[in-house]
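Novice: What follows is a structure written as structure tokens; I'll ask about it next.
The values are calculated or read from the model by the stated rules, or taken from the named source; none is laboratory data. Computed from a predicted model, the values in this text were never measured in an experiment. Note: ideal-geometry Cβ built from the backbone for every residue, glycine included; neighbour counts use all protein chains shown.
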Amino acid sequence: MPLRPSPMTALAALLQGYLPRLVQLRGWVVAALPMVVVLGGLVVSILLRLNGTPSGGATPMALFHLGLAPVMVPIMALVAAPAGIREDMEQRTLPFLLLRPGPVWVLPFARGAGWFLWGGLWLGVACLGLGVLGLEVSTHFLALLLAYWAELAFLSLLGLLFRRGTLWGVLALFLWDPLVRFLPGRLQWFTFIHHVEALAGRSPQGGEGILAQAPVETGFWASALVLLVFGLLCWAAAGWKLHVTPIGLSGGEAEG
């Protein structure tokens, strides 16, 4: 009787087989999203210099805090997450994937890992572009990478828990998360942006109005650990959810 492959063997095999999907249209959309911000910033900076106008030291910080972190990284996760295990469920291909030997709980992470690596690659290129404008690369890249890791895992889990998981993800990332400026006390701790700012520095466009709360100080490594562990818990929960979900050739699991 053949031995059941280990989780790592199954993960490596599934990831290798899925890599060609990353360079299709959806993959290039994920790649283009962070580059739009950086290339736009570079063009504006060049035009300002040609006109003899200083671009200002806050320009790369503004691109990071107003473009990359709160907008492009969440959109990248929203584009990539439905291409994971949820796509197999909706296209009725998951039963054929389950015919391969290997633990079921590995499948959501195996599908998501490729998108994380692909998106992380382009976030690194984007940070190098911001480095040309004067931004410190390493800490800002780590902040974006961990935010993408946590948000991708979160949206992948929502896609398995709810039929309209993407909609719930949009509400969480674009309605709840921006409230970090006005949330009292420790509620700020339950937003992605708070931990991004703990890693990369406070946004220079932070809330200054009468409703704005004093920022909650969270340590660099504490926020890094929060995003890392949160992502791991979401992937584990996604694996558990798939493991307990009845899967049939009729695809009824994609309807509820």
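Novice: Under the condition of being of a type in the set (Gly, Ala, Ser) and within 16 Å of GLY131 (Cβ to Cβ), which residue from segment 63-82 is modelled with the lowest pLDDT?
Specialist: Residues of segment 63-82 that are of a type in the set (Gly, Ala, Ser), as a first pass: 67, 69, 77, 80-81.
With within 16 Å of GLY131 (Cβ to Cβ) added as a condition, the list becomes 67, 69.
Working: GLY67: 90, ALA69: 93.
This residue is GLY67.
Novice: Right, next: Considering only residues that are in contact with a Pro (Cβ under 7 Å, 6 or more places away or on another chain) and assigned to a helix (DSSP H, G or I), look in segment 130-159 and name the one that is surrounded by the most Cβ atoms within 10 Å (Cβ to Cβ).
Specialist: First, pick out the residues of segment 130-159 that are in contact with a Pro (Cβ under 7 Å, 6 or more places away or on another chain): 130, 133-135, 151, 156, 159.
Applying the additional criterion that residues be assigned to a helix (DSSP H, G or I) yields 130, 151, 156, 159.
Details: LEU130: 26, GLU151: 27, SER156: 31, GLY159: 25.
In this case the residue turns out to be SER156.
Novice: Moving on. Counting only residues that are over 18 Å from PHE109 (Cβ atoms) and either among the β-branched types (Val, Ile, Thr) or touching a Cys at 6+ places or on another chain (Cβ under 6 Å) (or both), which one in segment 149-179 is modelled with the lowest pLDDT? Give the steps one after another, and end with the answer.
Specialist: Step one: list which residues in segment 149-179 are over 18 Å from PHE109 (Cβ atoms), which gives 162-164, 166-168, 170-179.
Now narrow it down to the ones that are either among the β-branched types (Val, Ile, Thr) or touching a Cys at 6+ places or on another chain (Cβ under 6 Å) (or both): 166, 170.
Working: THR166: 87, VAL170: 94.
Only one residue tops the list, namely THR166.
Novice: On to the next question. If you take the residues of segment 10-31 that are surrounded by 14 or more Cβ atoms within 10 Å (Cβ to Cβ) and modelled with pLDDT of 80 or more, which of them is farthest from the chain's Cα centre (by Cα)?
Specialist: Just the residues of segment 10-31 that are surrounded by 14 or more Cβ atoms within 10 Å (Cβ to Cβ), to begin with: 10-15, 18, 21-22, 26-27, 30-31.
Checking which are modelled with pLDDT of 80 or more leaves us with 21-22, 26-27, 30-31.
On the way: ARG21: 18, LEU22: 15, ARG26: 15, GLY27: 14, VAL30: 10, ALA31: 12 Å.
Among residues in segment 10-31 that are surrounded by 14 or more Cβ atoms within 10 Å (Cβ to Cβ) and modelled with pLDDT of 80 or more, the one farthest from the chain's Cα centre (by Cα) is ARG21.
Novice: Also, I was wondering about something else. Just for segment 180-201: of the residues that are over 16 Å from VAL226 (Cα atoms) and surrounded by fewer than 13 Cβ atoms within 10 Å (Cβ to Cβ), which one is modelled with the highest pLDDT?
Specialist: Per the criteria, the residue is PRO184.
Novice: Same structure again: Which residue out of PRO7, PRO54, PRO103, PRO60 is at pLDDT below 80 and either of a type in the set (Phe, Trp, Tyr) or farther than 26 Å from PHE154 by Cβ (or both)? Give the steps one after another, and end with the answer.
Specialist: Values: PRO7 fails: either of a type in the set (Phe, Trp, Tyr) or farther than 26 Å from PHE154 by Cβ (or both); PRO103 fails: either of a type in the set (Phe, Trp, Tyr) or farther than 26 Å from PHE154 by Cβ (or both); PRO60 fails: at pLDDT below 80.
Just a single option satisfies the conditions, and that option is PRO54.
Novice: Test LEU123 against the criterion of being at pLDDT 95 or above, touching a helix residue (DSSP H, G or I) at 6+ places or on another chain (Cβ under 8 Å) and closer than 18 Å to ARG202 by Cα, and give yes or no. Lay out the reasoning, then the answer.
Specialist: Values: at pLDDT 95 or above: yes; touching a helix residue (DSSP H, G or I) at 6+ places or on another chain (Cβ under 8 Å): yes; closer than 18 Å to ARG202 by Cα: no.
No: the conditions fail for LEU123.
Novice: Kindly list, by first and then second residue, each pair from a residue in segment 180-198 that is touching a residue at least 12 places away in the same chain (Cβ under 8 Å) and outside any helix (DSSP H, G or I) to a residue that is surrounded by fewer than 19 Cβ atoms within 10 Å (Cβ to Cβ) and polar (S, T, N, Q), limited to pairs with Cβ atoms under 9 Å and residues at least 6 apart or on different chains.
Specialist: Here the result reads PHE182/GLN213; LEU183/GLN213; PRO184/GLN213, each pair linking segment 180-198 to a residue that is surrounded by fewer than 19 Cβ atoms within 10 Å (Cβ to Cβ) and polar (S, T, N, Q).
Novice: Which pairs do you get when a residue that is surrounded by fewer than 20 Cβ atoms within 10 Å (Cβ to Cβ) and hydrophobic (A, V, I, L, M, F, W, C), found in segment 52-76, comes within reach of a residue that is at pLDDT 65 or above and not in a loop (DSSP other than H, G, I, E, B), reach meaning Cβ atoms under 6 angstrom, with the pair 6+ apart or on two chains?
Specialist: Between residues of segment 52-76 that are surrounded by fewer than 20 Cβ atoms within 10 Å (Cβ to Cβ) and hydrophobic (A, V, I, L, M, F, W, C) and residues that are at pLDDT 65 or above and not in a loop (DSSP other than H, G, I, E, B), the close pairs are ILE75/LEU33.
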